[in-house]
1. Kindly indicate the residue of the stretch 197-216 that is aliphatic (A, V, I, L, M) and surrounded by 17 or more Cβ atoms within 10 Å (Cβ to Cβ) and also nearest to Asn90 (Cα to Cα) among those meeting that condition.
2. So, in the stretch 108-124, of the ones that are crowded, with 18+ Cβ neighbours inside 10 Å and more than 16 Å from the ligand (Cβ to nearest atom), which residue ends up nearest to Glu187 (Cα to Cα)?
3. Among the residues of the stretch 46-55, is there at least one that is in contact with a Leu (Cβ under 7 Å, 6 or more places away or on another chain), surrounded by 15 or more Cβ atoms within 10 Å (Cβ to Cβ), charged (D, E, K, R) and not in a helix (DSSP H, G or I)?
4. Go through the stretch 58-87 and count every residue that is within 20 Å of Pro190 (Cβ to Cβ) and either open to solvent by 30 Å² or more (accessible area, probe 1.4 Å) or part of a loop (DSSP other than H, G, I, E, B) (or both).
5. Condition first: touching a residue at least 24 places away in the same chain (Cβ under 8 Å) and within 17 Å of Val184 (Cβ to Cβ). Now tell me which residues in the stretch 125-140 satisfy that.
6. Considering each residue of the stretch 128-182, count those that are within 14 Å of the ligand (Cβ to nearest atom), open to solvent by 20 Å² or more (accessible area, probe 1.4 Å), farther than 23 Å from Pro65 by Cβ and part of a loop (DSSP other than H, G, I, E, B), and give that number.
7. Just to be sure before I move on: is Arg194 touching a residue at least 40 places away in the same chain (Cβ under 8 Å), in a strand (DSSP E or B) and more than 13 Å from the ligand (Cβ to nearest atom) in the structure I sent?
8. Checking Leu219 against (1) more than 10 Å from the ligand (Cβ to nearest atom); (2) of a type in the set (A, V, I, L, M, F, W, C); (3) crowded, with 19+ Cβ neighbours inside 10 Å, only one condition comes out false. Which one?
Amino acid sequence: MDNMTSAARERCLTFALGKGRLAQKAMELFGQLGIDCREMEDKSSRKLIFADEEKRLRFFLAKGPDVPTYVEYGAADIGVVGRDTILEENRNVYEVLDLGFGKCRMCVCGPASAGELLRHHERIRVATKYPVIARNYFFHQKHQTVDIIKLNGSVELGPLVELSDVIVDIVETGSTLRENGLEVLEEVCPLSARLIVNPVSMQMERERIGALVNGIRALLRNQDEKNRAG
Ligand code: PRP
């Protein structure tokens, strides 16, 4: 079989990218590997799936929490998503690479006065968009019994309107906390964007996925060295 025929028969590798900044950063990274997806840069487009036909790659944008779902079911071979989402969704996927961008922290935050409640393992109320992460942290790591209240956003409101004593949420610059008189009380874990892979794809497409992962890893290492030198 000549190269043309084998290339034509090669199946497309599909990527699910978490909509927004993560997807943009991921495409910048892939662009440096010669993966072309200029179509995706057209902000006015409502198109959901984009392809680099020559390299037999497809990309689609999804809500962050849905990315591990697409990857677990094999609707996407590869996903780019925050570690917070991986921990919260707890799907059967391989986490293969820390992409180094989207760095932030999952923290327990609240007014300074709530520090005492945490130290004494009081039965407090915890508002969060991440009930699984909060439960694992308080129940399994700290062995502290708490009441977890699920919210869908603007979680900092919790302590401000006395819905909860503290929150478990993402802290990036810390400005949301500062502007609302709250602070970091405990750090749960560091976060960043990760590359995840469907376990079957990992076996069936070992060579292509392996080459891609190695390419990204080498690129990240070069960037790191440059940053350190500069
Ligand atoms: C996230 C997070 C914090 C904020 C942290 O919220 O939940 O509220 O960003 O960033 P900072 O430390 O740089 O201020 P997001 O903007 O995603 O909206 P949400 O509150 O609706 O979840």
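1. Residues of the stretch 197-216 that are aliphatic (A, V, I, L, M), as a first pass: 197, 200, 202, 204, 209, 211-213, 216.
Remaining after also requiring surrounded by 17 or more Cβ atoms within 10 Å (Cβ to Cβ): 197, 202, 209, 212, 216.
Numbers: Val197: 14, Met202: 18, Ile209: 22, Leu212: 24, Ile216: 24 Å.
Going through the qualifying residues, I end up with Val197.
2. Step one: filter the stretch 108-124 for residues crowded, with 18+ Cβ neighbours inside 10 Å, giving 108-110, 114, 117-118, 124.
Next, only the ones that are more than 16 Å from the ligand (Cβ to nearest atom) stay: 114, 117-118, 124.
Details: Ala114: 14, Leu117: 16, Leu118: 12, Ile124: 17 Å.
Across the stretch 108-124, the extreme among qualifying residues is Leu118.
3. No: zero hits.
4. Initial filter on the stretch 58-87 (within 20 Å of Pro190 (Cβ to Cβ)): 64-65, 67-68, 79-87.
Adding the requirement that they be either open to solvent by 30 Å² or more (accessible area, probe 1.4 Å) or part of a loop (DSSP other than H, G, I, E, B) (or both) leaves 65, 83, 87.
The total comes to 3.
5. Correct list: Val126, Ala127, Thr128, Lys129, Tyr130, Ile133, Ala134, Tyr137.
6. Count: 2.
7. Numbers: touching a residue at least 40 places away in the same chain (Cβ under 8 Å): yes; in a strand (DSSP E or B): yes; more than 13 Å from the ligand (Cβ to nearest atom): yes.
The answer is yes for Arg194.
8. Answer for Leu219: the failing condition is (3).
The values are calculated or read from the model by the stated rules, or taken from the named source; none is laboratory data. Keep in mind it's a predicted model, so treat the numbers as computed, not measured. FYI the Cβ positions are ideal-geometry reconstructions off the backbone, even for glycines, and counts take in every protein chain you see. Accessible surface is based on the protein model in full, side chains and every heavy atom, while ligands, DNA and RNA are left aside. Shrake-Rupley method; radii C 1.70, N 1.55, O 1.52, S 1.80 Å.
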